[in-house]
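Worksheet: one structure, shown below.
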Amino acid sequence: RTDQRGSRGMEVRVSAKPRMGQSTVYEVVVEGEGSGRCSKRWDDFEELYDSLELRYAEAVKDVPFPRYSTRKDQKKSAAVEDNRRHLESLLHKLLSHPSLGQDADLAAFLQLTRAPAPSRRPGDPSDTPAEELRSRPGPTPFTVAGKGGGGGGGLDEADEAEDEHG
């Protein structure tokens with residue numbers, strides 16, 4: 001387990017909790033300007049990334065989604081550790097990114113109690129599209145009660161494809 005501190009002074013730690021016959025659960029702790037704690041599976045991170053990609057197509061190119069390591073690639077413990085490091089790095093990059101780090105879905109996903117302070121001045125033309133998207137009506141997968149932002153994300157369900165998703 002390692003700590004990664006972003007340019008906004010936020011520390012991100014991810015630990016992996018492999019479970020027999022079920023998906024690995026990744027415990028995420030964020031401390032600093034914004035703080036939060038959540039438990040997620042690999043699929044939850046993919047869903048978050050897909051949501052960000054729909055709204056920030058250009059910005060997401062700066063932060064590619066990591067490749068999933070499977071037991072076919074290496075021993076289970078090594079694969080779990082690789083995936084943990086990849087997710088920790090992904091979150092560090094997302095939180096440090098000038099546009100992505102301010103996203104409301106990212107804050108909801110991480111259950112941040114205090115969202116990070118904007119790095120840009122309000123009304124900055126480069127931030128206007130993101131603000132317009134956030135102000136549009138309609139739920140996203142991370143702002144709807146019982147979805148990814150709700151904390152559990154269905155962690156008690158058995159994962160039929162353990163080798164594919166943790």
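The values are calculated or read from the model by the stated rules, or taken from the named source; none is laboratory data. This one's a predicted model, so the numbers in the text were calculated from it and none came from an experiment. Ideal geometry is used to build each Cβ from the backbone, glycine not excepted, and the neighbour counts take in all protein chains shown. The accessibility values were calculated without ligands, DNA or RNA, using every heavy atom of the protein model including side chains. Shrake-Rupley method; radii C 1.70, N 1.55, O 1.52, S 1.80 Å.
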**Item:** Scope the range 82-108; condition within 16 Å of Arg41 (Cβ to Cβ) and in contact (Cβ under 8 Å) with a residue 40 or more places away in the chain; matching residues
**Value:** Asn83, Arg84, Leu87, Glu88, Leu90, Leu91
**Asked** Can we say Ala145 is modelled with pLDDT of 90 or more and either open to solvent by 20 Å² or more (accessible area, probe 1.4 Å) or in a helix (DSSP H, G or I) (or both)?
**Response** no
**Message:** Looking only at the range 15-43, count every residue that is within 15 Å of Ser96 (Cβ to Cβ) and either touching a helix residue (DSSP H, G or I) at 6+ places or on another chain (Cβ under 8 Å) or modelled with pLDDT of 90 or more (or both) and tell me the total.
**Reply:** 3
**Complete:** Over the range 75-92, the set of residues modelled with pLDDT under 90 and open to solvent by 20 Å² or more (accessible area, probe 1.4 Å) is Lys75, Lys76, Ser77, Ala78
**Asked** Would the range 54-74 turn up any residue that is at pLDDT below 90, part of a helix (DSSP H, G or I), surrounded by fewer than 17 Cβ atoms within 10 Å (Cβ to Cβ) and among the basic types (Lys, Arg)?
**Response** no
**Asked** Take the residues of the range 20-70 that are of a type in the set (A, V, I, L, M) and without any contact (Cβ under 8 Å) to a residue 12 or more places away in the chain: which is farthest from Leu110 (Cα to Cα)?
**Response** Met20
